[in-house]
Every structure is written in C-alpha cells, then in structure tokens.
Amino acid sequence: MTSAGEGGSTPFRNPLTAIFYGMKNFISVRIHKCDSKKARHSFLHDLRKRIPSYAEKNYTGERVTVLVQPDGKPNDWRREQEEMYVAVKNKKLRKDTPWGLSGIVTFGEDVNPQGEQLRQFDERAKQLVARIADELGVKIRYLVRHNDESHIHYHFMLDYVKKDGSSTLHKDLKRDFYRRLQDMAANVFSDLGLRRGQSKQEKLAFVDELKQTGIFDDKLIKRIRRDILYSKRSLSELHSSMEEDLRKRKLAEQTLKKILDGKDVCKEELALVVSELAKEDVNRARDFLRKFEELQKSKRFMKGLENEIAFTADYFSRIKKALDEGKPLPLVKMPERLEKDEKALKIIKRLRAYAIRYNKLLKEEKIISEKVKKLEVQKQRLLKTLERLRKVVPEAQEFIFRLAQASYDEEQEFYHEPGQ
C-alpha cells in the first residue's frame, strides 16, 4: 500500500479494478462514552498492558507509541472529575455518569505512513485531539498510536466533566458535534492528502438511490444498509469484528475477479461488493455499480452478437442445403437488431423476396413435373397399345382374308354343282 500523499495510485487496466482498489485515503474519528468497565478496558487495551488476540503475535517492534503520557489510571481520573464537579456544583456526579470519552482515529487502507511522514501524522493526531478537547472543554488523559495491527491508528481518552467542573458533556455530544468532528479531522490532516469519511446522511441517501435502481430486492437493500451503517460501530466492536471484516473483504475481491473473468455473479455477491465500497466511500460504490451495469450491457450486446452470428451461419447453411437438395428455402424472422439496421434490412428484404419467388417456382415446377409424369405414363400406355395393334392388325387381316376366301370358295362350289 502507498502512503498518503506519496504520488497517486497504481494504474489499473480495468475501470472496475481501479474503482475497487482506488485510493482509500480517508480519515475518520469516533468517540464513545464509556462507563467504569469500558474505561478500564480501554486503558489496558490502548496502553497495550493487555495484548488482544487480533494484534500481531510475533510483533518485534514497539507495539504502542505514547504521544500523550497518561497521568494515573481511570480510577484516579474519575475521582479527580468528581472532586472538580463537587467543588463547583456542590453535588456528586450521578452514578450512571460516564467515566470518560474513548476515541479512535482511523484511516483508509492506502494510508500507511512511514518515517518522516509518520512523525507528521503523530503531530496532526496531537493537534486533532487537542482541538477536540478544547471544543468540549475537557482534559486529555492520553493519546497513543498502535503499531501492531494491520494499519496504524490512534486511541485517546478524554474526561467527561469539563475542566472547570461546571458541567458534564451531556448537552455537548449532539449530532451536530459528531458531524463537525469529521470536519475537524479532515481539516487537520488535509495537508497530508486525507479527506473526511462520509456521514450517515450521505450513506442513507445512497441506500435510497439503490432502492430506485431496482437492482436489489428489499432483503438485500436492508443488508447493504445494515453493513454500511454498521461501519460506525463502537470501538470494541471495531476490534472484535476485524476477522469478519477481512473475510468479507476477501469475498468481495473474489467476486470482483469473477466479474473480470466474465463469469456471472449473483445479486448477493454484488451486494457484498457494494457494501464493502460504500462503507468507505459511497461515490466509489456508485461508480462501481455504474461501471458494472455498463459492463453487463456490453456483455449482453456481445452475447447478442454471438447469437446473431450463430443464427446467421445456421440460416445460410440451411439455405445452401435446401438449394442442394432442391427443397423450399426456410423463411424465418431475422434478429431484431439486424432488421433495425438500414443496410441489413435492405439485404434481408431482397433475400426474403428471392426466397419467396424461388419457393413459388419450385412449387409450380413440382406441379409441372407431376403432370409430365402422368403424360409419360399415358405415352407409355399409348406405345404399348400401338405395339399391340401392330401385332393384331396382320393377324386380323389374314383371318378376315381367309374367312372371305372360304366364303367365296363355298359360293363357287354352289354355282358349279351338276344340275345347276
């Protein structure tokens, strides 16, 4: 992965690949209220006094870099806040009052600063946390950088009671503040080439767009919505779900490979890719879907061309066979795209006209042939009759001659008898 601001992304041959693996150079900051249990857990986890299972087991470097040294422990900080509050308000904090604000600063996958740039990131992290603390009017308890996970990130802890003891942060942590929090982070890190993460409203607007496209059914829309909004989960959930996040990312990459290989993907697979992209940037998810639709359209067009070529080859093969065998030519409807082409339509019409004329003449020729056969039969009968006549006539002639001669001879005998 490239460091933020170190010159551009890798050139990709396929636009879908470019969108999927494009620069993920965003910054996001999250803060959450924590009770006594979560405050103690965050302290042990953030200062690496307890090594979590998802951290690199054989990491040999410095697991945690402390940028703001903690002074004491969560119990000490709670007691100090209680004393300040009592001194000003003359009453104790409620038992359910949070112990502090636990925060995390995370970056996109392509943000991997090294050397001098890492030092610059540390300085910006200090500035950001100081600005957040000043905005809220609270004290910073610590700020650390984690180095033993897949990407660097920062953890910090703030008080929940203002430094002057006048109030808690109950009325300060509104929706508007959380929006400004992302703007603050982007402003502080902007000169290092980073941009803010996207708001919940932007992501919800994208989900509404998906509904309008009709690409996904309601069940998949709900899944996409849950996945991209769940990216704003709590700090403990962020860590515990890392393995599942990596699994989904791998499945999304496998789906992308199937698409690039020209294979069909189901709606569930496509929804997973869209979710993974929208978690980071809904614009990239939007661009991916647009390019995917263009690719599918091109794929359908190419498939149509293949079918037309196969159809045309088969059709003319049938024509040739019919001509060779003296059979009627097949008359079929040509593909719709060909009939919409002016030049193709002209040729098709001529071919159809010739085929109709040929079939008509072939039919007439068949009728004539049948008549000729009948005449040929009659001719043969005539010849046989003539042949028989030729044999019978001499015989009849001789018979009649003999009969006439016999009659003549009888008459002669009658006239020459004695006494006549």
Exercise. Can you tell me the 0 to 90 degree angle between the C-alpha axis of helix 242-260 and the longest principal axis of the chain, rounded to 10?
Key: 30
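Per residue, how big is the convex hull around the C-alpha atoms of segment 337-401? Give it to me in cubic angstrom, could you?
62
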Exercise. Mind sorting V68, V105 by how few other Cβ atoms lie within 10 Å of their own Cβ, fewest first?
Key: V68, V105
Quiz item: Quick one: putting +1 on the C-beta of Lys and Arg, -1 on the C-beta of Asp and Glu, what dipole do you get for the chain around its Cα centre, in Debye to the nearest 20?
Solution: 1920
Quiz prompt | Where only C-alpha atoms are counted, convex hull volume of segment 101-149 per residue in Å³ | solution = 91
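Based on a Kirkwood Rh over C-alpha pairs, give the Stokes-Einstein translational diffusion coefficient of segment 200-326 at 37 °C and viscosity 0.692 mPa s in µm²/s.
So the translational diffusion coefficient is about 190 µm²/s.
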Practice problem: Calculate how many DSSP beta bridges within the chain are antiparallel, expressed in % of all such bridges and rounded to the nearest 5. | Solution: 95
Self-check item: Share of pairwise Cα separations in segment 288-369, more than 17 Å, in percent
Solution: 60
Quiz item: By how many degrees, 0 to 90 and rounded to 10, does the Cα axis of helix 115-136 deviate from the longest principal axis of the chain?
Solution: 70
Self-check item: Cβ-Cβ FRET estimate between L44 and K297, R0 fixed at 51 Å, reported to 0.05
Solution: 0.40
Self-check item: Percentage of interatomic Cα-Cα distances in segment 143-188 larger than 17 Å
Solution: 57
Quiz item: For I309, I215, what's the fewest-to-most ordering of other Cβ within 10 Å of each Cβ?
Solution: I309, I215
Quiz prompt | Debye intensity ratio I(q)/I(0), log10, segment 299-420, q values 0.19 Å⁻¹ (C-alpha model) | solution = -1.08
Quiz item: Using a basic spin-label model with each label point 7 Å from the Cα along Cα→Cβ, how many nm lie between K250 and E342?
Solution: 5.8
Exercise. Report, largest value first, the span of the C-alpha coordinates of the chain along each principal axis, in whole Å.
Key: 196, 44, 44
Quiz prompt | Folded to 0 to 90 degrees: helix 175-189 orientation relative to the chain principal axis, Cα | solution = 90
Quiz item: For segment 1-197, what is the largest minus smallest coordinate of the Cα atoms on each principal axis, given in angstrom and ordered from greatest to least?
Solution: 68, 39, 28
Self-check item: Ranking of R78, R247 by count of other Cβ atoms within 10 Å, fewest first
Solution: R247, R78
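Rule-based calculations on the coordinates, nothing more; no lab input. Computed from a prediction, not measured in an experiment: that's the story for all the values here. Positions of Cβ are generated from backbone atoms using ideal geometry, with glycine treated the same way; all protein chains shown enter the neighbour counts.
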